[in-house]
1. Run lengths n ≥ 4 of DSSP H only: what is the helix-derived mean residue ellipticity at 222 nm for the chain, with -39500 (n - 2.57) per run over all residues, to the nearest 500?
2. Cross-link candidates for LYS493: which lysines have Cα within less than 23 Å, leaving aside residues fewer than 8 places away along the same chain?
3. Using only the alpha carbons of the chain, determine the length spanned along each of the three principal axes and report them from longest to shortest in whole angstroms.
4. Rounded if a/c is under 1.5, else prolate if a/b is larger than b/c, else oblate: which is segment 192-349, with a ≥ b ≥ c the root eigenvalues of its Cα gyration tensor?
5. Quick one: Karplus J couplings for segment 215-232, per residue in order, coefficients 6.51, -1.76, 1.60, θ = phi - 60°, nearest Hz, x for Gly and Pro?
6. Between LYS82 and LYS407, what is the spin-label point distance in nm, taking each point 7 Å from the Cα along the Cα→C-beta axis?
7. Would you mind classifying segment 182-265 by shape? Square roots of the alpha carbon gyration tensor eigenvalues, ordered a ≥ b ≥ c; an a/c under 1.5 is rounded, otherwise it is prolate if a/b is larger than b/c and oblate if not.
8. Excluding residues on the same chain fewer than 8 positions from LYS10, give the aspartates and glutamates whose Cα lies under 19 Å from its Cα.
Amino acid sequence: MIKAPAHFAKRVDALFSEFSGPEMPGAIVAVTENGREIFANAYGLANINEDVPIGRKTIIRIGSQSKQFTVLLILMLEAEGKLSLQDEVQKHLSYVPRLEYPVTLTHLASNTSGYWDHLESMFVCGLSIFAPSDRQTVRDLIARQDALSYKPGSAMTYSNAGFFMLSEIIEQIEGATFNEVLRKRITGPLGMCDTSLLLRDGLAMKHLAAHYTKQADSWIQLGWGIEFGGEGGMVSTLDDMLVWQQNLIDPKVGTPEVYERMATPCVFDNGATGFYGLGLRTDVYRGRRAVGHGGWVAGGRSESVRFIDDEFGVVIIANNDQVATFEVARRIADIYFGDSEPAPIELAFGRYRQEGGPDVFEIVGYNGVPSFLSSGGLQGLDFGRQGVARPENPITDLVLSPRPDGKIDGTFCGTPRVYAPLVANGGAGASLAGRYVNKAQGLEVEIDGDAQRGMFHLRSDLGAMNAPIVAADRDLWFLLQPGTEMSPGLSWKATLSFTAGGFEINSDFVKKWRFTRV
């Protein structure tokens, strides 16, 4: 292939041009070919206040890339006979509720368990992600869940809770902290000296970058109040993550068979093949197999991906949440392989609702092309497959295709769906005003307002939330972020849909959270 000619470097640099100015956070990136580094560059500052540039040894949060390390540790314990991925979760963790169906460790590691994402659960329970909380809080949230989102193995929704549970199992079996086990079994043997679990934002660590988000025209440092585990708490450097990526190719820790198993996509109950394996995302992008994982955490984003048949790799770590690392890694691959951007298919702008279901998305114009908006936020669309579009998102298994009648055919985790346009400014058939409870979780909700808009007031022993709601359909409402208004291009946090005795909350990460009218 190429050896990073000037035009390649110039085009990759252009992807990070936003961070070339003064007083900007940024990112660091490396590109590999046949296991050899052919390009690397750093952009922006590790700490704006101190005017410290980002470098290869800058320690930055890698977020959900932690999940692959967690799964590798679980597989190591399985190889030693200390557990089985076919074990039910309750064999190891008594606080986890056994609900409608059994859930195994395989379900946790493949995001197919149906357990709710605990970060989303915090929001619904009125506990801000910025408020101090500990691991016991997460255990309590998991213990209170009273229904699964779906039958385990039938679908995939991203759940940090599953990997939190796997972290707990590792610590319980090993009788040591996750950090200690990680160092003993993986990072120590590989010489990844700057890679570890950073339990909480705000802890002091040499060479640790500040992490930033953007508000209006200003950068502010961002930190969450939660205590992290193997679901997303690791920090690393560019050099260490290159060592890790090379280990996936030529293992010194683990085996080729283990990494092949991690990269093998799950197969749903309906026989369809997904894109998430065990702690690794595996997909076909423009005809090329791509394996890796990304991360998104307070003020940080990351991506590590290998095009395994082409022996091409990209690693990106950013100390801000404005770099769309998953999409940027794909643009670097497009440059490398000489692929041109496919022409977008015709998707009419507007909101669409799943026929017979609560899921909603919106097709909006962003940077001149159709883009995908849901409760999970705004993403681009991948038009690389003939006649279809997919959200350019590492955690959404959805394929869309327009129909002549204005509706959109969809396939979610291999199951066909139809999405129909929602009438602009549509009103609900009746007001949701009233009082509701979820007794199992100690939640009380009072809703006021009319058939068009209102306020959602939630109280629990964990916190409180007062958020606006806006009618989306005759039996469907948008629940917005507190303090926001509904406007074009603005994501909603979840939907509220009528049930026989009340309503239920649904989002990209939580399904069937039910409330009963008092």
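1. On the way: 10 runs with 98 residues, N = 518.
That calculation yields -5500 deg cm²/dmol at 222 nm.
2. Hits, sequence-local ones excluded: LYS214, LYS439, LYS511, LYS512.
3. For the chain, the Cα spread along each principal axis is 63, 53, 50 Å.
4. Working: a/c = 1.69, a/b = 1.24, b/c = 1.37.
It comes out oblate by the Cα gyration axes.
5. Per residue, the Karplus-derived 3J(HN,Hα) values read 10, 6, 10, 10, 8, 10, 6, 10, x, 8, x, 7, 9, 8, x, x, 7, x Hz.
6. That separation, rounded to one decimal, is 5.2 nm.
7. On the way: a/c = 2.27, a/b = 1.96, b/c = 1.15.
In terms of gyration-tensor shape, prolate.
8. Within the straight-line limit of under 19 Å, LYS10 reaches these aspartates and glutamates: GLU18, GLU33, GLU37, GLU327, ASP334, ASP339, GLU341.
No value in this document is a laboratory result; all are computed from the given coordinates. Note that the coordinates shown come from a computational prediction; the quantities given were computed from them, not determined experimentally. Glycine also receives a Cβ, built like all others from the backbone with ideal geometry; neighbour counts cover every protein chain displayed.
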